[in-house]
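Reviewing the structure listed below.
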Amino acid sequence: MIKKIMIRNIENGEEQEIGFDSPVFVLDSIDWDSPSISMESYRVPFQIGQTLSGVTVGTRKPTVTGYVVADMSKIEALGKTWEEFFDEQKRQIEENKKKLDKLISVYQDVVIKAGEYFLDARPTQPPKYSTERKENNEVMCLFTLEFECYNPLFYSESKIVELASISSDFHFPLIIPKESGVIFGKIMRRQSLIVENAGDSAVGCIITIAAEGGQVKNPSVYNVNTGKKITLDGVTLNDGDVVTINTNVGEENVVQHIRSESKDVSLIGYVRTGSDFIQIEQGSAFYAYEVDEQYKNNIVVSISYVERYFNIRGM
């Protein structure tokens, strides 16, 4: 059972904890809902049955209910009449309702955090407060929050895999042993590296390609298992330049940051015909990069991605 969640408004940065032990917003229940699933199929004449052509996953519509209460630790009861005490509780409840109203807007996205997992959502209406006296009074106020998750999968913190990197070992104070000398830096190169995706589906990724110490031309990154590859043609990275490739579905893009000019330029037109915006496949697969031999000591390549899940522990 999930005992608390944190909701953060992406636009204004406001966030609130809603939990069983919260002093202000007490969690009653969470209905995480399940995304709708539709199986698409077709058939040909004389076929027995049908042929499955695809699976469409719809949205998720979670609902959170709880109670707005007063923070009793901030109320001084000594010297107050019962009426004054309840009035102070009611005033605090109204102030806390304003915080909830500022947090939840149909025009602003939120992130719901449950344990180590996250869910992107959009409120579908302002907070609903009960109009029943027994649920809305000077002691508490029942509220309901409704959301729609257009990407219905939970996700965890991003993972980063480095296919090629350059690290510096130069530091002060500098001591140079007579026998062995000193290592000023390390260049790490891998022919390929296994990438693990323990989630419930393939996911897009952010591929970062940088030039350090010299030029890099026409780099490629590919999935060794499937052979799917993305290659840039006619692209030169000078020292300090960085290319960022976004392969997330609906966000596909390639941008180069030119350090000497401090500007970003689109490279979408330089993606080789036949390239794929490669995904991080579910399970294990090997990924690698390609570049001409004379550029191998200058290239830095990393892949970052987030695993996504239909369900999480405690739902």
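For the chain, with all protein chains in place and a probe radius of 1.4 Å, 50% of the accessible heavy-atom surface sits on carbon or sulfur.
Label positions at Val139 and Lys90, each projected 7 Å from the Cα along the C-beta direction, are separated by 1.5 nm. Each label was represented as a point 7 Å from its Cα along the Cα-to-Cβ direction; for Gln215 and Arg259 these points are 1.6 nm apart.
Taking every alpha-carbon pair within the stretch 214-298, the share separated by more than 20 Å comes to 36 percent. Per residue, the convex hull spanned by the Cα atoms of the stretch 213-261 measures out at 94 cubic angstrom. Subtracting the Cα-Cα distance of Glu252 and Thr131 from their residue separation scaled by 0.36 nm leaves 38.9 nm.
Using the 1.4 Å probe convention, the accessible area of the chain works out to 58 Å² per residue with neighbouring protein chains retained.
The listed peptides 284-291, 96-103, ordered by packing as a protection proxy, come out as 284-291, 96-103 (highest mean of other Cβ atoms within 10 Å first).
When only Cα pairs below 8 angstrom with a gap of at least 6 residues are kept, the chain shows a relative contact order of 17 percent.
For the peptides 34-46, 210-222, what is the packing order when you average, over each peptide's residues, the other Cβ atoms within 10 Å and list the highest mean first?
Put in order of decreasing packing, that is 210-222, 34-46.
For the pair Asp292 and Phe46, label points projected 7 Å from Cα toward Cβ lie 5.7 nm apart.
Scoring 51-64, 196-209 by mean Cβ neighbours within 10 Å over their residues and listing the highest first yields 196-209, 51-64.
Helix 82-103 and the long axis of the chain differ in direction by around 30°, with both axes built from C-alpha atoms. Just the Cα atoms of the chain, one point each, no solvent: what log10 I(q)/I(0) does Debye give at q = 0.09, 0.16 Å⁻¹? Scattering profile of the chain, log10 relative to I(0): -0.70, -1.24.
The values are calculated or read from the model by the stated rules, or taken from the named source; none is laboratory data. The structure presented is a predicted model; accordingly, all values stated were derived computationally and were not measured. When we count neighbours, we look across all protein chains shown, and the Cβ atoms used for this are built from the backbone with ideal geometry, even at glycine. When the accessible area is computed, the model is the full protein with side chains, heavy atoms only, and any ligands, DNA or RNA have been set aside. Shrake-Rupley method; radii C 1.70, N 1.55, O 1.52, S 1.80 Å.
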